[in-house]
Amino acid sequence: MLKYHASIFLVFLCALQFGTGLYFHIGETERKCFIEEIPDDTTVFVNYKVELFDPRSGGFMPSSPGVGMHVVVRDPDDKPMVSRKYSSEGRVSFTSHTPGEHVICMYSNSTAWFSGTQLRVHLDIQVGEHAIDYANVAQKEKLSELQLRIRQLIDQVGQITKEQNYQRYREERFRQTSESTHRRVFWWSLTQTVVVLIMGAWQMRHLKSFFEAKKLV
């Protein structure tokens, strides 16, 4: 498991067909992490934009040159998929190879020259077919409106299939965990029973020897 010394946001999506749009504030040394449950072979786009706090106006303004974000993405096995520095506005994309919880962490690549300044990061996570720019697809492949709609439906069906497979995967993992827990509880109870029986037999033998030594029996 990952150990983070910063705040962690847990973002669990009931249906991965929908994107996540939000913004959060972050300091120079802070790290913000998000957890996305993603099926395998699913494309994810992370769009972000960084704004810099202006103490004179009390609001946020476009960030200065050189101020950006370091983005790290880890798969369910805690292996890094993406780890690089980006500018103050950009898009990070990756494709999942293992179903499960993917951790997306962001922290500023700032230097001490604006130490203590607060950043506002606008974040939009698009998963599955919602990450596809169908207007660009239609233009590149010269699709009609009907063809584009059919393409969208095919992608939606494919995403639903991936989601169903992921739910079956989760159910299988849960069943394995439950069976493992039940086996451990059974063996622990059996071990306790055997220990109690052995201790009882030893105590009875010890008492018998004691009584025989004292010639009480």
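Can you find a residue that is open to solvent by 60 Å² or more (accessible area, probe 1.4 Å), touching a Lys or Arg at 6+ places or on another chain (Cβ under 9 Å) and at positive phi anywhere in the stretch 47-68?
Looking through the stretch 47-68, none of the residues is open to solvent by 60 Å² or more (accessible area, probe 1.4 Å), touching a Lys or Arg at 6+ places or on another chain (Cβ under 9 Å) and at positive phi.
Is at least one residue of the stretch 184-196 charged (D, E, K, R) and within 56 Å of the chain's Cα centre (by Cα)? Explain how you work it out, then say what you get.
Within the stretch 184-196, the first condition is being charged (D, E, K, R), and the residues that meet it are 184.
From the residues that got through so far, the ones that are within 56 Å of the chain's Cα centre (by Cα) too are 184.
Yes; the residues of the stretch 184-196 include at least one that is charged (D, E, K, R) and within 56 Å of the chain's Cα centre (by Cα).
What do you reckon, is Gln156 among the polar types (S, T, N, Q), on the phi < 0 side of the Ramachandran plot, open to solvent by 80 Å² or more (accessible area, probe 1.4 Å) and at pLDDT below 85? Give the steps one after another, and end with the answer.
On the way: among the polar types (S, T, N, Q): yes; on the phi < 0 side of the Ramachandran plot: yes; open to solvent by 80 Å² or more (accessible area, probe 1.4 Å): no; at pLDDT below 85: yes.
No: the conditions fail for Gln156.
Can you confirm whether Arg91 is under 30 Å from Leu52 (Cβ atoms) and basic (Lys, Arg)?
yes
Would you check if there is a residue in the stretch 71-83 being over 26 Å from Ile132 (Cβ atoms) and at pLDDT below 85?
No, there is no match, as no residue in the stretch 71-83 is over 26 Å from Ile132 (Cβ atoms) and at pLDDT below 85.
Please list, ordered by first then second residue, the pairs with beta carbon atoms under 9 Å, 6 or more apart or interchain, first in the stretch 157-181 and closer than 16 Å to Thr98 by Cβ, second part of a helix (DSSP H, G or I).
Close Cβ pairs satisfying both conditions: Lys162/Gly128; Glu163/Gly128.
Do we have Ile132 as at pLDDT below 75, open to solvent by 50 Å² or more (accessible area, probe 1.4 Å) and aliphatic (A, V, I, L, M) here?
Details: at pLDDT below 75: yes; open to solvent by 50 Å² or more (accessible area, probe 1.4 Å): yes; aliphatic (A, V, I, L, M): yes.
The answer is yes for Ile132.
The values are calculated or read from the model by the stated rules, or taken from the named source; none is laboratory data. It should be emphasised that the depicted structure is a prediction, and the values quoted were computed from it without experimental measurement. Because the Cβ atoms are built from the backbone with ideal geometry, glycine has one as well, and the counts that use them run over all protein chains shown. These area figures cover heavy atoms from the full protein model, side chains too; ligands, DNA and RNA do not enter into them. Shrake-Rupley method; radii C 1.70, N 1.55, O 1.52, S 1.80 Å.
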